Structure formats: C-alpha cells, structure tokens
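Note sheet for the following structure.
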Amino acid sequence: MNELKIENGFNKFLVLWTGELISNIGTGLTAFGLGVYVWLMTQSAVDIAMVEMAALLPMILLAPAAGVLADRYDRRLLMMIGDIVSGCALLVLLGLMLSGEIQVWQICLCIGFSSVFSALLNPAYKATITDLLTEEEYTKASGLMGVASSSKFLISPILGGLILAFYSMEVILVIDILTFIVTVIAIFSIRKSLAVKPQSKKELNFSRN
C-alpha cells in the first residue's frame, strides 16, 4: 500500500514536471524571440537590455516574497494565477504586435507584468515536492527540476531560431501562450495532491533551494 502511494505521488509529480518543462521551453522561446524582434525593430542594444531587465528583474526582486507566499497559501492557486495572468500579458503583447504599432516600452511593460506573476510560480512549484514525494525521492526529483529549468537555455534557442527562420515572433507568442494552458491543465489534474500543509524547517529549506 505504501509503495503504491509513493508511486502515485511520483507519477503526479511527473505530470506537474512535464507541464513545467513545456512552460519553460515556451518562456525561453519568447525570451529568445523578443531579443531578435527588438533588434530587428530598433537595432539598439540598449533596447534589448531594457527588455531583458523587464523580464528578469521582477523575478529576482520578488523571489523572497514569493517564497513566503508559497509557504503560507494554496500553492495550486498561486501556480494557476501565475500562469493565467502571465498568459494574459502575452496575449496583450500579441495583440500589440498584430496591430503593427508596438513600441519598446509596451514590450517592456507586458513582459515585466508577465514576469511579476511568473515569480509566484517557481517557489510554489518547488514546494510541491514536499507535498507529492517522499524524502528518498527528493534527489531524483531535484535532478528533473534542474532539467526543466535548463531547458529554456538549451532547447528554446534552437527551436526559436528554427521558428523565426520560417515564421514570425507572433507564432512564438502563440506557442508560449499554449504552453501556459498546458501547465494549468497539469496543475488542475493533480489539484487534490497539492493541499497546503505545515512544513518542517528541513522541508522549507529544501523548497527554497
């Protein structure tokens, strides 16, 4: 019975991890594609730096607060809010691009808004390990999470280059928005296993690493 419970917990983690992997690839696609898009639009390294700062700075600054929220509130809800609102911000960005009148400041605003809510996702996602897995499975799960995190740097640039060679930045945004939908479905499918529960000091330290 215990072995079955452990197996089910890891299987549910794999569902969540698959959604996160797909979402990270989509995020990496957008980051890569926007760099190329802004360069073709303005040919300014400063503008590219501004977009990158808008994408990264909120996640860095909000990481401590997001960790506290992940410890105290429903992680499922935080993860779903983070994905849904981030996807909405990308929808606005897509609409601006399709209008043909987009400015760099609008790109920064949309991508920054998306990044603010993405900051809610990462700590809550990591903390679910303590909900779904046994202590013996922590190391294996941590390795898989590392693969998901690095996918945006290893897989996304290759895919992004191929997509931009045949299509446009708008296609990349559509793909990224669809990856958010996949992640929300993955979270919803295992929602009963993501109940909030008190954590020990050891679990809190692990979830924040």
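Kindly indicate the residue of segment 153-163 that is in contact with a helix residue (DSSP H, G or I) (Cβ under 7 Å, 6 or more places away or on another chain) and either part of a helix (DSSP H, G or I) or hydroxyl-bearing (Ser, Thr, Tyr) (or both) and also farthest from Leu93 (Cα to Cα) among those meeting that condition.
Per the stated criteria, the residue is Phe153.
With respect to the numbered conditions (1) surrounded by fewer than 19 Cβ atoms within 10 Å (Cβ to Cβ); (2) more than 14 Å from the chain's Cα centre (by Cα), which one is the sole condition not fulfilled by Ile84?
Looking at each condition in turn, Ile84 falls short on (2).
Where residues in segment 87-115 are among the β-branched types (Val, Ile, Thr) and within 21 Å of the chain's Cα centre (by Cα), which of them is farthest from Met53 (Cα to Cα)?
Per the stated criteria, the residue is Val92.
Go through segment 126-154 residue by residue and tally those that are exposed (fewer than 12 other Cβ atoms within 10 Å of the Cβ) and polar (S, T, N, Q).
The number of residues fulfilling the criteria is 1.
All but one of (1) closer than 21 Å to Ala89 by Cβ; (2) among the small types (Gly, Ala, Ser); (3) surrounded by 21 or more Cβ atoms within 10 Å (Cβ to Cβ) hold for Gly112; state the number of the condition that does not hold.
With (1) closer than 21 Å to Ala89 by Cβ; (2) among the small types (Gly, Ala, Ser); (3) surrounded by 21 or more Cβ atoms within 10 Å (Cβ to Cβ) applied to Gly112, the lone miss is (3).
So that you can scan it fast, the table gives a plain yes or no per residue for (1) at pLDDT below 90; (2) in a helix (DSSP H, G or I); (3) β-branched (Val, Ile, Thr):
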site	(1), (2), (3)
Asn122	yes, yes, no
Tyr138	yes, yes, no
Val147	yes, yes, yes
Ala165	no, yes, no
Glu170	no, yes, no
Val174	no, yes, yes
Thr179	no, yes, yes
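Among the residues in segment 25-37, are any free of Cβ contacts under 8 Å to residues at least 40 places away in the same chain and over 24 Å from Leu154 (Cα atoms)?
No, because not a single residue in segment 25-37 is free of Cβ contacts under 8 Å to residues at least 40 places away in the same chain and over 24 Å from Leu154 (Cα atoms).
Yes/no per residue for (1) touching a Pro at 6+ places or on another chain (Cβ under 7 Å); (2) at pLDDT 80 or above; (3) outside any helix (DSSP H, G or I); (4) more than 20 Å from Thr42 (Cβ to Cβ):
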site: Leu56; (1), (2), (3), (4): no, yes, no, no
site: Pro64; (1), (2), (3), (4): no, no, no, yes
site: Met79; (1), (2), (3), (4): no, yes, no, yes
site: Ala89; (1), (2), (3), (4): no, yes, no, yes
site: Met97; (1), (2), (3), (4): no, yes, no, no
site: Ile107; (1), (2), (3), (4): no, yes, no, no
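From the residues in segment 155-172 that are crowded, with 16+ Cβ neighbours inside 10 Å and small (Gly, Ala, Ser), which one is nearest to Gly26 (Cα to Cα)?
Ranking the qualifying residues of segment 155-172, first place goes to Ser156.
How many residues are of a type outside the set (Gly, Ala, Ser) and under 16 Å from Thr27 (Cβ atoms) when one looks only at segment 95-118?
6
Considering only segment 87-109, how many residues are within 12 Å of Asp176 (Cα to Cα) and surrounded by fewer than 18 Cβ atoms within 10 Å (Cβ to Cβ)?
The qualifying residues number 2.
The values are calculated or read from the model by the stated rules, or taken from the named source; none is laboratory data. Please read these numbers as outputs of a predicted model, since none were measured by experiment. Note: ideal-geometry Cβ built from the backbone for every residue, glycine included; neighbour counts use all protein chains shown.
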